[in-house]
Amino acid sequence: MLNNQGRPTTPANDAAPVDAGRATFTGNRGLDLEEALLFEIGRREVTGVDLPEPEGVKSRLGAHARKTAIDLPGLSEPETMRHYVRLSRQNYAIDSGLYPLGSCTMKHNPRLNEKAARLAGFADVHPLQPVSTVPGAIELIGELGDWLIELTGMKAVAMSPKAGAHGELCGMMAIKAAIKARGEARDVVLVPESAHGTNPATAALIGFKVKTIPARADGTVDVEAVKALLGPDVAAIMLTNPNTCGIFEPEVAAIAEAVHAAGAYFYADGANFNAIVGKVRPGDLGVDAMHINLHKTFSTPHGGGGPGAGPVVLSERLAAFAPVPFVRKGETGFELVEGSDADAAAQPFGRMTAFHGQMGMFVRALAFILSHGADGLKLASETAVLSANYVRAGLQDLMSLPFPDHPSMHEVLFDDSFLEGTGVTTLDFAKAMIDEGYHPMTMYFPLVVHGALLIEPTESESKASLDLFVATLRDLVLAAKRGDLARFQDAPRFAPRRRLDETRAARAPVLKWERPEPAVAQAAE
Ligand SMILES: *Cc1c(COP(=O)(O)O)cnc(C)c1O
């Protein structure tokens, strides 16, 4: 048995398999293969390459030259390949199955996007290259920006933010600059209770005080509750629409009107834009700034936190404050504006990033947009909404809908009251889904309902795939109601790893491998 330093958070229940008959000599289960750390399988004395000692080369490192062995594990090419392929097989991915995470839009990443992004003219450009050598790249940024402006009905776009949360920061900094330019001192930002945590975090980061708008019993924001909080101290409202309960805010236009009448700005969290592309233009609803997560709406990969892109569209009232650099359509085509060459009217609040944004994501997003066309983008949104409502219709008699009176948009929210009295917790239910080969949906978010289960199937799932997903969840709910606790309390039983001590993994991560003392290692053998 390897000493498993890479997995110290393996919990006790892994030691005693539910079905001892399933324990294997290797630790593999069927084609589900165990894999140790490179340091545990590699040997220091082995190297994957075999180069002759260079002759006649004098080291210029002097006293800085390393005197001890570098101590990296050596592996052959096949060993290295197997290591990474085995690890990749332990991941659940959008390319391996339905990924029902709500508020994330884990949609298919078309291979056409990947092909376009790998074209040398896009993949190999360097941000420090003279601008005159990359007119095509500048044009691509400009063209994507034009689509985003057109689809949202806004005036300007800042392309450089590198994630949704970074886009929020950009939009709120533009709002802060606009308020300063008006000579006002507004320092309060209103955020509904159901908001994503990044909203209040963004506002607080740049010095705003956050006031929470209480949730209405039906999961929507009450314009009267907003009006009660508005005053000369309010800088902006940050509102997600469709909201994090998957509901289109029925009073969004009236809220925008009230916010503007009070001299404040309307920041829209555009994470759920996937539900309404081609149907509603946020600019028409009175939005002043909105980020667009290209990885949620325009099919670029969710890169585990990066490399992302979260462009921000801005209304007429905020356009002048857009950060540099930006792309402008000039006499001779698209040009990159870095600052000093901005229009006299421009008052950029500054710069969000060193360069121009994530080129690879821009290429993918534009490839998605152009391959769908305006009608295809609209159809994708309609299909995403249809898929979510199909799942809702297939489950609503067995699971509990906290807001049955509102239709769902691209995601459907259940709460855990259907599990009441079964002895199965929301977490148990999620873990049992893993045994069935599904990544769980978004759990315990939004916070406004008890034990939230937020499901977003997206437009890319077939009816057969949705039917199997619905049938699986129905089977699980019936098992819970029948009292088949074994299926839940020890779940996942069939995954490569069982329940981990996630708190310990987060609080006390083991980031460095320590070579075991030889004597101790021998004693263990
Ligand atoms: C995903 C999300 C964000 C943050 O976006 P990132 O791209 O992950 O930074 C903000 N708000 C909502 C509602 C989201 O779903």
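The values are calculated or read from the model by the stated rules, or taken from the named source; none is laboratory data. Treat the numbers as computed from the prediction; the structure is a model and nothing was measured. Note that we place each Cβ from the backbone using ideal geometry, even for glycine, and neighbour counts take in every protein chain shown. Ligands, DNA and RNA are stripped out before the accessible areas are found, and what is left, the full protein with its side chains, is counted by its heavy atoms. Shrake-Rupley method; radii C 1.70, N 1.55, O 1.52, S 1.80 Å.
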Give me the one-decimal nm value for the distance between modelled label points at Ala505 and His126, 7 Å along each residue's Cα-to-Cβ direction.
3.9 nm
By the Cα gyration tensor axes a ≥ b ≥ c (a/c under 1.5 gives rounded; else a/b larger than b/c gives prolate, otherwise oblate), the shape of the range 374-507 is prolate
Share of carbon and sulfur in the accessible heavy-atom surface of the chain [1.4 Å probe, %]
57 percent
Once the dipole of the chain is set up from charges on Cβ (+1 Lys and Arg, -1 Asp and Glu), the residue from the list Leu128, Ala345, Ala264 lying farthest towards its positive end is Leu128
In the range 305-390, with Lys and Arg counted as +1 and Asp and Glu as -1 at Cβ, which of these residues, Ala309, Leu386, Phe321, has the Cα nearest the positive end of the dipole, that is, farthest along it?
Leu386
What length, rounded to one decimal in nm, is gained on full extension from Arg515 through to Arg86, with 0.36 nm per residue of separation minus their alpha-carbon distance?
152.1 nm
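Only helical DSSP H runs with n ≥ 4 go in: add -39500 (n - 2.57) per run for the chain, normalise by residue count and round the 222 nm mean residue ellipticity to 500 deg cm²/dmol. Display every interim value, and only then the final one.
Details: 16 runs with 177 residues, N = 525.
Helices in the chain give a 222 nm mean residue ellipticity of -10000 deg cm²/dmol.
Please state the charge dipole magnitude for the chain, taken about the Cα centre, from unit charges on C-beta atoms (+1 on K and R, -1 on D and E), reported in debye and rounded to the nearest 20. Working shown, then result.
Numbers: 50 positive and 63 negative charges, 194 e Å.
In total the dipole reaches around 940 debye.
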Rounded to the nearest 0.05, what FRET efficiency is calculated for Ser462 and Asp343 with R0 set to 45 Å and r the Cβ-Cβ distance?
0.35
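If you keep only loop residues by DSSP, which GluC sites (Glu not before Pro) in the range 51-150 have at most 15 other Cβ atoms within 10 Å of their Cβ?
Passing both the DSSP loop test and the Cβ count: Glu55.
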So, with points 7 Å from each Cα along the Cβ direction, the Ala393-Ala63 label distance in nm works out to 7.9 nm
Note down the nm distance, to one decimal, between modelled labels 7 Å out along Cα→Cβ at Leu370 and at Ala261.
4.6 nm
Report relative contact order for the chain in percent, whole number only (criteria: Cα-Cα under 8 Å, sequence separation at least 6).
19 percent
Calculated FRET efficiency for the pair Glu79/Leu485, C-beta based, R₀ 51 Å, to 0.05
0.75
What whole-number value in cubic angstrom gives the convex hull volume per residue for the C-alpha atoms of the chain?
208 Å³
Using R₀ = 56 Å, calculate the FRET efficiency as 1/(1 + (r/R₀)^6) where r is the Cβ-Cβ separation of Arg351 and Glu34; round to 0.05.
0.75
What share of all Cα pairs of the range 193-241, in percent, falls into each consecutive 5 Å distance bin?
4, 19, 32, 26, 15, 4, 0
Please give me, ordered by residue number, the GluC sites (Glu not before Pro) of the range 342-435 that lie in loop per DSSP and have at most 15 other Cβ atoms within 10 Å.
Glu420
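Please arrange Asp416, Asp71 by accessible surface area, largest first, computed with a 1.4 Å probe and ligands excluded.
Details: Asp416 25, Asp71 60 Å².
If we order Asp416, Asp71 from most to least accessible, we get Asp71, Asp416.
Could you pull out the longest piece of the chain with no exposed loop trypsin sites (Lys or Arg not before Pro) in it, calling a site exposed if DSSP puts it outside H, G, I, E, B and it has at most 14 other Cβ atoms within 10 Å?
On the way: sites that count: Arg44, Lys58, Arg60, Arg66, Lys67, Arg118, Arg182, Lys279, Arg497, Lys512.
Counting only loop sites that pass the neighbour cut-off, the longest clear stretch is 280-496.
Over the range 374-507, what relative contact order in percent results from Cα pairs under 8 Å that are six or more residues apart? Write down the numbers at each step before the final one.
Working: 178 pairs, mean separation 37.9, N = 134.
Result for the range 374-507 is 28 percent.
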Ser462 accessible area, 1.4 Å probe, all protein chains in place, Å² to nearest 10:
60 Å²
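With a ≥ b ≥ c the root eigenvalues of the C-alpha gyration tensor of the range 135-186, is it rounded (a/c under 1.5), prolate (a/b larger than b/c) or oblate?
Numbers: a/c = 2.45, a/b = 2.05, b/c = 1.19.
Judged from the Cα gyration tensor, the range 135-186 comes out prolate (a/c at least 1.5, a/b above b/c).
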Please name which of Pro440, Gly421, Pro518 has its Cα lying farthest along the dipole of the range 366-525 towards the positive end, using unit charges on Cβ (Lys, Arg +1; Asp, Glu -1) and the Cα centre as origin.
Pro518
Compute the distance from the alpha-carbon center of the range 404-467 to that of the range 66-95, in whole Å.
35 Å
Please list, short to long, the whole-number percent of alpha-carbon pairs of the range 84-208 in consecutive 5 angstrom bins beginning at zero.
2, 7, 10, 13, 16, 16, 14, 11, 7, 2, 1, 0
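Using only the Cα atoms of the range 267-318, build the gyration tensor, take square roots of its eigenvalues as a ≥ b ≥ c, and label the shape rounded, prolate or oblate: rounded if a/c is under 1.5, else prolate if a/b is larger than b/c, else oblate. It would help to have the intermediate numbers written out before the result.
On the way: a/c = 3.10, a/b = 1.64, b/c = 1.89.
It is oblate, given that a/c is not under 1.5 and a/b is not larger than b/c.
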Could you compute how much accessible surface Met81 exposes when probed at 1.4 Å, giving the result in Å² to the nearest 10?
110 Å²
Proportion of all alpha-carbon pairs of the range 112-369 beyond 24 Å (%):
45 percent
Using the Kyte-Doolittle scale, find the helices of the chain whose mean hydropathy is at least -1.0 and whose Cα atoms extend 27 Å or more along the helix's long axis, counting only whole DSSP H runs.
359-395, 463-482
